[in-house]
Amino acid sequence: MERRTLQELTELNHCVISLGGGTIANEENCQLVLQKGILVYLKLSPDEIIQRVQHRSDRPMLKDEHGRQLTPPELKNVCLNS
């Protein structure tokens with residue numbers, strides 16, 4: 001569904017499409033964006049990412065296998081190993 005939506009949106013002219021990192025992590029999606037437009041990558045340090053997401057409870061990747069919210073040191077470990 002995500003790729004289909006991305007394909008539809010890349011056919012539009014003069015628009016900005018804000019994507020999460022997971023979309024671009026997929027090579028086919030990344031190539032589609034590069035072929036159809038300009039890709040702007042906003043790079044953040046692990047510490048900046050942790051500062052922004054540490055209190056989010058709606059992101060499954062920020063929790064452990066038991067559903068417990070990861071601590072800032074655990075989040076940093078995830079950032080450095082992804």
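Using each residue's phi in the range 63-75, evaluate 6.51 cos²θ - 1.76 cosθ + 1.60 at θ = phi - 60° and report the 3J(HN,Hα) Karplus result to the nearest Hz, with x for Gly and Pro.
Working through the residues one at a time gives 10, 7, 5, 9, x, 7, 4, 6, 7, x, x, 5, 4 Hz.
At 222 nm, what value in deg cm²/dmol follows for the chain if DSSP H runs of at least 4 each add -39500 (n - 2.57) and the sum is divided by all its residues, to the nearest 500?
Working: 5 runs with 40 residues, N = 82.
Result for the chain: -13000 deg cm²/dmol, rounded to the nearest 500.
Multiplying the sequence separation of Thr5 and Leu34 by 0.36 nm and subtracting their Cα-Cα distance, what value in nm do you get?
On the way: separation 29, 0.36 × 29 = 10.44 nm, distance 1.59 nm.
In short, 8.9 nm is gained.
With label points built 7 Å along Cα→Cβ from the Cα atoms of Ser45 and Leu80, find their separation and express it in nm.
About 1.4 nm separates the two model spin labels.
Kirkwood hydrodynamic radius, computed over distinct alpha-carbon pairs, for the chain: how many Å, to one decimal? Display every interim value, and only then the final one.
Values: mean 1/r = 0.0681 Å⁻¹.
By the Kirkwood definition, the hydrodynamic radius is 14.7 Å.
How charged is the neighbourhood of Lys76? Take every other residue with its Cβ under 14 Å from the Cβ of Lys76, and add Lys/Arg as +1 and Asp/Glu as -1. Write down the numbers at each step before the final one.
Numbers: positive: Arg52; negative: Asp47, Glu48, Glu74.
Local charge sum for Lys76: -2.
Check the straight Cα-Cα distances from Lys63 and name the lysines below 17 Å, setting aside those fewer than 8 residues away within the same chain.
Lys76
Ignoring any ligand, DNA or RNA, what whole percent of the accessible area of the chain comes from carbon and sulfur when the probe is 1.4 angstrom? Working shown, then result.
Values: 3690 of 6870 Å².
Carbon and sulfur: 54 percent of the exposed surface of the chain.
With a 10 Å radius around each residue's Cβ, average the other Cβ atoms per peptide and rank 70-78, 37-45, highest first.
Details: 70-78: 14.3, 37-45: 8.8.
Highest to lowest by the protection proxy: 70-78, 37-45.
Considering the chain as a Gaussian network with a 10 Å cut-off on Cα pairs, which listed residue, Glu65, Glu48, Glu28, attains the greatest mean-square fluctuation?
Maximum among the listed residues: Glu65.
Dipole of the chain, Cα-centred, from +1 at each Lys and Arg C-beta and -1 at each Asp and Glu C-beta, to the nearest 20 debye?
Numbers: 10 positive and 11 negative charges, 33 e Å.
Using only the charged Cβ atoms, the result is roughly 160 debye.
Express the accessible area of the chain per residue in Å², computed with a 1.4 Å probe while the remaining protein chains stay in the model.
Heavy-atom accessible area per residue stands at 84 Å².
The values are calculated or read from the model by the stated rules, or taken from the named source; none is laboratory data. All values reported here derive from a predicted model rather than from experimental measurement. Glycine gets a Cβ as well: all are built from the backbone with ideal geometry, and neighbour counts include every protein chain shown. With ligands, DNA and RNA removed, areas are computed over all heavy atoms of the protein, side chains included. Shrake-Rupley method; radii C 1.70, N 1.55, O 1.52, S 1.80 Å.
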